[in-house]
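What follows is one structure encoded as structure tokens, with my remarks underneath.
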Amino acid sequence: MMKKIGFVLGLMVCSMQGFAYYANDYVVPKEGFVPRAEIVQALAHAYLNHLYFSDYYQQNMVELDDLVVKSKGDTWAVSHQDRLVMRLRKDNGAVLFIATFETHRVRADVEREGMVFSESLALAIAKIIWLDIYGKEVLEKMPYRLLGKEISGESGKIWFIEGTLPEVKRDGIILSSGGVPYLKVRQRDGAILGVFHDE
């Protein structure tokens, strides 16, 4: 009997998480998603290392501390060795410019698929934003997973990312409690479109 109850509760949790995929509960923080230089630095580090370096060298070629961030009106400018490598919007983190290497294979991927063409980059962006908004407790909601992509009119493809609940077993029944974070990010330019955390 207890196993059946656990199974039914598990189905209910899965169903509730499925609703979150299309939920209207996503919000945008009043100060935007990228209000501070540290967040910009972390995002630029993730983009540059995912897009250009990690596939070839299996390590980060741009160190976080080597990136210099400056505020420019409603955007952030990121430089590396006195060269502008990236510009992002302050409100939603959309990539307005990223330095590309003419012959690099990533250039074609970005032009065809968009700035966030990689699943691993989408997950890295979510982790950076969640850490800033929810703090280190969000690390307990790993592993993160993609719920999927949806085509949404002019916005194009959107990544939907969610955290997961740690499994707790009691008497052979898997129990989970608490909520997880969710985030949606536009594939074309990396714009963060909303975030929320269920209970």
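Other residues whose C-beta falls under 12 angstrom from the C-beta of W76 contribute a net charge of +3, scoring Lys and Arg +1 and Asp and Glu -1.
In this structure, the residue pairs whose Cα-Cα separation is over 19 Å, taken from K127/K184; K70/K90; K90/K184; K136/K157; K157/K184, are K136/K157.
Every read-out reported here was derived from the displayed coordinates using simple, explicitly stated rules and does not represent laboratory data. The model shown is predicted, which means the values in this text are computed figures rather than measured ones. Methodologically, a virtual Cβ is constructed for each residue, glycine included, from the backbone with ideal geometry; neighbour enumeration extends over all protein chains shown.
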